[in-house]
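A quick write-up on the structure given underneath.
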Amino acid sequence: MSHQAWALDIFLAFLSVQLMVGAQSPVQMGREEFISNNATTCSDKGSDIDLLKDALEFFDADFFNDTEVKEMAEGAKELNIPVFRVNRKLVASVNGGLHNPSVLVFNADWNVNTTTHQSGRFNYPSVSGVQRPDRTEDLAFLTILELGDLIRTKKVTSRELTDIFLQRLKRYNHVLEVVISYTEDLAYSQAKSADDLLDQGVYLGPLHGIPYGLKDIISVPQYKTTWGSTTFENQVLDIEAWVYKKLRSAGAVLIAKLVSGSLAYDDIWFGGRTRNPWNIEEFSTGSSAGPAASTSAGLVPFAIGSETAGSISYPAARCGVTALRPTFGAVGRTGVMSISESLDKLGPFCRAATDCAIVLDVIRGKDPDDLSSRDLFLKDPFSIDIKKLTVGYLEDAEMEVVRVLASKGVNMVPFKLNYTIESVQAILNFTMDVDMLSHFDEWQRARLDHAYEAQDQWPVELRRARLIPAVDYLQAQRARGKLIKEISESFIVDAFVGNATDWEKVCMGNLVGMPVIVVPTGLKNITNPPKGGTRRRTTITTGIYAPPHHDHIALALAMAYQSVTNHHKQRPPIDDLGPNDPAEKHSMIKHLVDSTSTQLMQ
């Protein structure tokens, strides 16, 4: 037998029985004897790593160095193999494939433009008589409906709003690090078009003339789409993202490409690390860091972010903004960097749930170039009778939300979502990492992972993903299908309230395509505040979860809660942090504030 063939046997034995830590192998005796007879030599000369490197040739992946191969092997032993075994026991103990089908479903319909029945547009509440605030600060924190009424009645122009929000972005970006590219020329062109249309008597709806930002994994021609990564820092894609087309058609004005964590992983990017406006000693967490922080700080009225595994939920909760992760497939993803076709979702960060409903209404629908997108039938969230709903609350729900919704006539009941799948978190990681590696295979093979901004993130995960066999990836998808079935059977309420950032719920919700709206519910003092006090705060939020295709239920409940509370109206203290607050960034803020006119008065 050739040296490489022996290497492959040893490598596969390692994957299944932890060869490198001396576990007993079930392979035939001759190979056992070979391993046993050569164990000392392998240990003494480090040839175990050499053999694993040789074995990687059979995966056409023999480009890793010794340190990386050792790290991959240890990661496979610690993380991959236990999950392989759990999933096999769960879904592969019966032969023949008669049970627990994979969620990877082939669609034989050649006409990808075929659409299903779509619900009509939402009937937005009427807002009238809004007065233009005297202070720009107050104007910057108005909702979309309020700003829309000011534009419609010509109390403010789109050009003026574009000026105001661009200046706010530039004023605070040095501190918060939320902007990758300003789209200034495009913004003023779109603002002029919005104002001209209004002069002609044409009003496109509540987003007409409203400035906004896009997470910088969403492509816009002639502007950089960097994916937050050093590797792609100068990348310009001649692709008009579907979601951008939808917003442009509604009259919205793009003013900036906002920070995405590098390759959509956490809040570290090639230019720094995005901070939380409520506590600038903290980072904003999650790859939709720029959309969350800029919306929280009143630098844009709304922004579009994305989630594969928590990148809407986490930054929304950290920065204290209202944000919607919609049903999977509700929003087309053409022109958006892909991590996982079966997990990626786009959603809005906004001032309020009403704004989330408006933005979702504009951007939802079938994208002909995104095979996973759908014309979902959604009822109008503004017409839902919440008194007819039964809503569960988990043990970790914010009880104020429970009490408020009960006072509004909602039938609130204790609830527990039951399922038997133990490997939920690992299934999500397997799915995300293998899919991501398929999209960045060339990037890894070119060793561009060495230039990645956070070496303990994608580089480690994607190397380990090389050691996930196709069969075990498919077992994970079968286990995911079993999870979907169990969640569907357990979901006996119209919606439920619970923690928005519990990792198990984040993984479960993304795997089953469940919508959730993150709602601010309060503030508390930071841990270990400086002597003399501080106005920095930790935000408190909750999540309102609904079954897939029932985003309107989550939105209706969130709007009901916010109709009688004001947590979502609070403003972060980025100008006024308090006495004796020692943060490094504070002097930068003071300098910026002092060097800027006290307020940009109209």
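The values are calculated or read from the model by the stated rules, or taken from the named source; none is laboratory data. Worth saying up front: this structure is predicted, and the values here are computed from it rather than measured. When we count neighbours, we look across all protein chains shown, and the Cβ atoms used for this are built from the backbone with ideal geometry, even at glycine. Note: accessible area is taken over every heavy atom of the protein model, side chains too, but ligands, DNA and RNA are not part of it. Shrake-Rupley method; radii C 1.70, N 1.55, O 1.52, S 1.80 Å.
In degrees between 0 and 90, to the nearest 10, how far off the longest principal axis of the chain does helix 3-17 point, with axes built from Cα atoms?
60 degrees
From the convex hull of the Cα coordinates of region 118-235, what is the mean projected area in square nanometres?
Orientation-averaged projected area of the Cα hull: 9.6 nm².
How are the Cα pair distances of region 478-542 distributed, in percent, across 5 Å bins from 0?
4, 13, 19, 18, 13, 9, 8, 7, 5, 3, 1, 0
Got a sec to turn the phi values of region 71-80 into Karplus ³J(HN,Hα) couplings, 6.51 cos²θ - 1.76 cosθ + 1.60 with θ = phi - 60°, whole Hz, x for Gly and Pro?
My calculation for region 71-80 gives 4, 4, 5, 5, x, 5, 5, 7, 10, 6 Hz in order.
If you line up the long axis of helix 158-176 against the longest principal axis of the chain, both from Cα atoms, how many degrees apart are they, to the nearest 10?
Between the helix axis and the principal axis of the chain, the angle is about 50 degrees.
In degrees from 0 to 90, rounded to the nearest 10, what is the angle of the helix 584-595 Cα long axis to the longest principal axis of the chain?
For 584-595 against the chain, the angle is about 30 degrees.
Under 5 Å between amide hydrogens, which residues at least 5 positions from residue 302 or on another chain qualify, with H placed 1.01 Å from N in the peptide plane?
213
Ordering 445, 121, 480, 403 by how much accessible area each has at a 1.4 Å probe, largest first, what is the list?
Accessible-area ranking of 445, 121, 480, 403, largest first: 403, 121, 445, 480.
Would you tell me the accessible area of residue 178, worked out with a 1.4 angstrom probe on the heavy atoms of the protein chains, in Å² to the nearest 10?
For residue 178, solvent-accessible area is about 0 Å².
Working out 0.36 nm times the residue gap between residue 121 and residue 385, then minus their Cα-Cα distance, what length gain in nm do you get to one decimal?
Residue separation times 0.36 nm, minus the Cα-Cα distance, leaves 93.3 nm.
Hey, what D do you get for region 230-291 in µm²/s if you plug the Kirkwood alpha-carbon radius into Stokes-Einstein at 4 °C and 1.567 mPa s?
So the translational diffusion coefficient is about 98 µm²/s.
Looking at the calculated P(r) for region 304-396, what percent of the C-alpha pair distances fall above 21 Å?
39 percent
Check residue 516: other-chain or 5+ apart residues with amide H under 5 Å from its amide H, H built from backbone geometry?
325
Sorted by packing (mean other beta-carbon atoms within 10 Å per residue), highest first, where do 372-383, 286-297 land?
286-297, 372-383
Roughly what % of Cα-Cα distances in the chain sit above 41 Å, to the whole percent?
Roughly 29 percent, once rounded to a whole number.
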